[in-house]
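What follows draws every value from the coordinates through simple rules; no lab data is involved. Being a predicted model, the structure only gives us computed values, none of them experimental. Quick reminder, even Gly has a Cβ in these numbers, built from the backbone with ideal geometry, and neighbours come from all protein chains shown.
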Amino acid sequence: MDQENKKRYIPSDEEKESLYRKLKEEAEQSGYFLGPDRELVMTLMHGLLVNQERFGYMSCPCRLASGKIDEDRDMICPCDYRDPDLDEYETCYCSLYVSERVAKGEHEVGSIPERRPSREERLAAAEKKETSGKEITGGPAYPVWRCKVCGYLAARDNPPGVCPICKATKERFERFM
């Protein structure tokens, strides 16, 4: 069937609500919060479901996906930029995930800059990785943080706000490596 005759997928309200409940539960279990603007969040649920149907993976609906999973892996929800955006701006790029302060209405979300490198920058980095033969040289690409309560390890620039295992706050993390 050619593209013109292919029926356009439109997720039902039930599908969007089901995805919302699933992501909300997963977020809460891991110490994250979904945005308080229900209308915006449901629009994002729609986009995630459409991208799942279109590409076979839930790419961020606020970014243009290529349809090639290897090129889009960094923007599959939750994207690689969520945690740095939350740390710096208290919201991710599309405002699906927000800080606890934003979720409680104690802080207002403003616009945030796009953190994802351009396609040219991503291709140049991939080419450099191929020619060097190694992705990481000399050690981990990120510091590793250890939860002093349960031992959970997280490799990222800063410790998680809340441990996804035991719910200890970021003050209970120590630099492990």
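Please go through (1) closer than 20 Å to Leu23 by Cβ; (2) touching a helix residue (DSSP H, G or I) at 6+ places or on another chain (Cβ under 7 Å) for His107 and return the number of the only condition it doesn't satisfy.
Of the numbered conditions (1) closer than 20 Å to Leu23 by Cβ; (2) touching a helix residue (DSSP H, G or I) at 6+ places or on another chain (Cβ under 7 Å), the odd one out for His107 is (1).
Quick check on my filter: what residues within region 22-80 are of a type in the set (Gly, Ala, Ser) and assigned to a loop (DSSP other than H, G, I, E, B)?
As a first pass, look at region 22-80 and keep what is of a type in the set (Gly, Ala, Ser): 27, 30-31, 35, 47, 56, 59, 65-67.
Matches in region 22-80: Ser30, Gly31, Gly35, Gly56, Ala65, Ser66, Gly67.
Pick from region 156-177 the residues that are without any contact (Cβ under 8 Å) to a residue 24 or more places away in the chain and part of a loop (DSSP other than H, G, I, E, B): which of them is nearest to the chain's Cα centre (by Cα)? First the steps, then the outcome.
Restricting attention to region 156-177, the residues satisfying the condition of being without any contact (Cβ under 8 Å) to a residue 24 or more places away in the chain are 159, 165-166, 168-171.
Filter once more, so that each one left must be part of a loop (DSSP other than H, G, I, E, B): 159, 165-166, 168.
Numbers: Pro159: 16, Ile165: 18, Cys166: 21, Ala168: 21 Å.
The residue in question is Pro159.
Residue by residue, here is whether (1) touching a Ser or Thr at 6+ places or on another chain (Cβ under 8 Å); (2) crowded, with 16+ Cβ neighbours inside 10 Å; (3) without any contact (Cβ under 8 Å) to a residue 40 or more places away in the chain; (4) among the aromatic types (Phe, Trp, Tyr) holds:
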{"site": "Met45", "(1), (2), (3), (4)": "no, yes, yes, no"}
{"site": "Ala65", "(1), (2), (3), (4)": "yes, yes, yes, no"}
{"site": "Asp70", "(1), (2), (3), (4)": "no, no, yes, no"}
{"site": "Arg73", "(1), (2), (3), (4)": "no, no, yes, no"}
{"site": "Ile76", "(1), (2), (3), (4)": "yes, yes, yes, no"}
{"site": "Tyr97", "(1), (2), (3), (4)": "yes, yes, no, yes"}
{"site": "Ala103", "(1), (2), (3), (4)": "no, yes, no, no"}
{"site": "His107", "(1), (2), (3), (4)": "yes, no, yes, no"}
{"site": "Gly110", "(1), (2), (3), (4)": "no, no, yes, no"}
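So which of Ser18, Ser30 ends up being out of contact with any Phe, Trp or Tyr (no Cβ under 8 Å at 6 or more places or on another chain) and without any contact (Cβ under 8 Å) to a residue 40 or more places away in the chain?
Details: Ser30 fails: without any contact (Cβ under 8 Å) to a residue 40 or more places away in the chain.
The match here is Ser18.
Considering only residues that are free of Cβ contacts under 8 Å to residues at least 40 places away in the same chain and of a type in the set (Ser, Thr, Tyr), look in region 79-95 and name the one that is surrounded by the most Cβ atoms within 10 Å (Cβ to Cβ).
Tyr93
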